[in-house]
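Below you'll find the structure, written out as structure tokens, and then a few comments.
Computed from the coordinates by the stated procedures, all read-outs in this text should not be read as laboratory data. All values reported here derive from a predicted model rather than from experimental measurement. Cβ placement follows ideal geometry from the backbone for every residue including glycine, while neighbour counts extend to all protein chains displayed.
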2 protein chains.
Amino acid sequence: MMERVLIVGTGLIGASVGLALRSAGFVGRIDGWDQSSLELAAAEQMGAIDGKAASREAALQIARVADVIVLAVPVLAIKDWMQALAPIVGAGQLITDVGSTKLEIRELAAKLYGGDGRAVFLPGHPMAGKESGGAMLAEAGLFDGAMWLFTPLSEKPTAAEKEWRGWIGCFGTRSLDMDAARHDEICAWVSHLPQMLSTALAALLEDTFADAAEISAIGGRALRETTRLGASPYSMWRDVAMTNTKPIADTLLALEQRLTHLRENLRTPELREEFELANQFRRRR
Amino acid sequence: MMERVLIVGTGLIGASVGLALRSAGFVGRIDGWDQSSLELAAAEQMGAIDGKAASREAALQIARVADVIVLAVPVLAIKDWMQALAPIVGAGQLITDVGSTKLEIRELAAKLYGGDGRAVFLPGHPMAGKESGGAMLAEAGLFDGAMWLFTPLSEKPTAAEKEWRGWIGCFGTRSLDMDAARHDEICAWVSHLPQMLSTALAALLEDTFADAAEISAIGGRALRETTRLGASPYSMWRDVAMTNTKPIADTLLALEQRLTHLRENLRTPELREEFELANQFRRRR
């Protein structure tokens, strides 16, 4: 039975996990740790955690006695925590993460976790978020209706893993188990490419117009939606770019070529083809 | 005093103009014409128009006695109507349009309209719409809070023009007068580029995945928003691409180069620069 949870990283996702657990009826203790004392204090004040670890070392001490440890920090920091936790956790304990890329995490987990006498690691990825982060934006309902992806190391879930998946189901999420490499490839298309695209467009507009009043006055929903993700923080996306470089580069190159094709056909019937394919894509959704 | 209005093209924008006029208290007669008898019937049924012209010829007859004629068809069709109407309209009458590009329309208007004994042409562009068209989606409130751009031929508005601008103000729109070339350049950035980008991304995904279930299952708000405009109809955008080719091609090329730069810097500190510029752009909005 899960009685004690430690959330490492109490930003938007971490604090929302705490709130969602409470809202789903979890009555055990939730401890939290964040490098930023502001984020940590905000998470406590919102009721996402019961207690704050006083330091990284204190968090590692709590980790020894936690049933479930949720790593809700950027991907490279997740990998650091996986290394730090491996020697001090053991059988019966579950470590899980919410990182945006999964292949490197899954490979590291296979080295450090699982097997006799060792803690289990369940790589996870809730497809939820906002363009701005921080505990202040956390919500108990953030995962309601969202997809929570897993790239498990073993096909036989332990009792702790089953229980954790059960809680996540109570958040109103759907879930899907995938191969980690496939996960990273699909996420490059549906998440990382839209992000990079939006960042590139917003950066280009900033360089071209700076604070030209016309852009604000004339830009409507089309501009707002296609640049919304431009507000996303580098701190998180650096790690995504670092740990999924090849798939992201492949999708970017494909889009560059597609835009070139479209540009060269603005006055030819090929443009109709592009619109018809795009219409078809949207009709499926 | 405006007593009789003819709306040519009773799709989403044309029918919404009719509904907005009624909702703002216009008590005169509104006639409509559309190539599609379905669109025309829908507009009448919704109360956007009082009467349907029986044919294009009948619409031209009504045009002779209308105070204001609103051309709400794609840009190339607007130019056709401008040619057809010029010989049969005269002093005191106002012709206006809602086309997405303005330079070619303004240049044609300068040839055909204005001056002694001739009707006045006021090129206009409401920045409102939906990703799907059609009278059935028309709303009296479509222009509420939107920007209505004008690229007038003369700085001295006639009485009819003042009255028409007054009605548009009653729709809850803001308005801005601009140079037509500048209009087309800015719209290439804030409207046409987001459209082409969204079309290219949706077409690429359709080609790459067709109906792969994973894309629907995993794709979230990021994918939905960046491909939403992919549903837009070719029929309208063909004319935009045809009449604003150079500005659109310029913005597409700039974006292609920006994406290449980003792709080549996924693992360098240049990526931080891009995110910071994008963050700055969003903070201004």
*Over chain A, what per residue volume does the convex hull of the Cα atoms give, in whole Å³?*
149
*May I ask which residue of B:Gly51, B:Ala160, B:Gln83 lies farthest towards the positive end of the charge dipole of chain B, with charges of +1 (Lys, Arg) and -1 (Asp, Glu) on Cβ and the Cα centre as origin?*
B:Ala160
*Mind pulling the angle between the C-alpha long axis of helix A:12-23 and the longest principal axis of chain A? Nearest 10 degrees, somewhere in 0 to 90.*
50
*Lys/Arg Cβ at +1, Asp/Glu Cβ at -1, dipole of the protein assembly as shown taken about the Cα centre: which of B:Val17, A:Ala128, B:Leu266 is farthest positive-ward?*
B:Val17
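Rounded to the nearest 20 debye, what is the charge dipole size of region A:26-106 about its Cα centre when +1 sits on each Lys and Arg Cβ and -1 on each Asp and Glu Cβ?
The calculated dipole for region A:26-106 is roughly 200 debye.
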*Any idea how far apart B:Arg284 and B:Ser216 come out in nm if each label point goes 7 Å out from Cα toward Cβ?*
4.0
_Total charge dipole magnitude, region B:4-178, about the Cα centre, Cβ charges on Lys, Arg, Asp, Glu only, Debye to nearest 20_ = 260
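May I have the convex hull volume per residue, in Å³, for the Cα set of region B:232-285?
Here the figure is 115 Å³ per residue.
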*asked:* Please compute the average number of Cβ atoms from other chains found within 10 Å of each residue's Cβ in peptide B:236-245.
replied: 3
*Any chance you could check the Cα centroid distance between region A:1-53 and region A:216-285 for me, in angstrom?*
36
*Relative to the other copies, what are the label-point distances for A:Gln35, with labels 7 Å from Cα along the C-beta vector, expressed in nm at one decimal and sorted shortest first?*
5.9
*To the nearest 20 debye, what is the magnitude of the charge dipole of the protein assembly as shown about its Cα centre, counting +1 on the Cβ of each Lys and Arg and -1 on the Cβ of each Asp and Glu?*
500
*Volume per residue that the Cα convex hull of region B:113-215 spans, once the total is divided by residue count, Å³*: 155
*By how many degrees, 0 to 90 and rounded to 10, does the Cα axis of helix B:245-264 deviate from the longest principal axis of chain B?*
20
*Looking at this model, which pairs from A:Lys246/B:Lys130; B:Lys111/B:Lys156; A:Lys111/A:Lys246 are more than 26 angstrom apart at the alpha-carbon?*
A:Lys246/B:Lys130
*Measuring from a point 7 Å out along Cα→Cβ, what nm distances, shortest first, does B:Glu155 have to its partners in the other copies?*
7.9
*Shortest first and in nm with one decimal, please list how far the B:Ala58 label point sits from its counterparts in the other copies (point 7 Å along Cα→Cβ).*
8.2
*log₁₀ I(q)/I(0) of region B:182-283 at q = 0.12, 0.14 Å⁻¹, via Debye over equal Cα point scatterers, no solvent, to two decimals?*
-0.52, -0.71
*How big is region A:35-125 in terms of Cα radius of gyration and Dmax, in angstroms?*
13.3, 39
*Sequence neighbours fewer than 8 away in the same chain don't count; with that in mind, list the aspartates and glutamates whose C-alpha is under 17 Å from B:Lys162.*
B:Glu3, B:Asp67, B:Asp97, B:Asp177
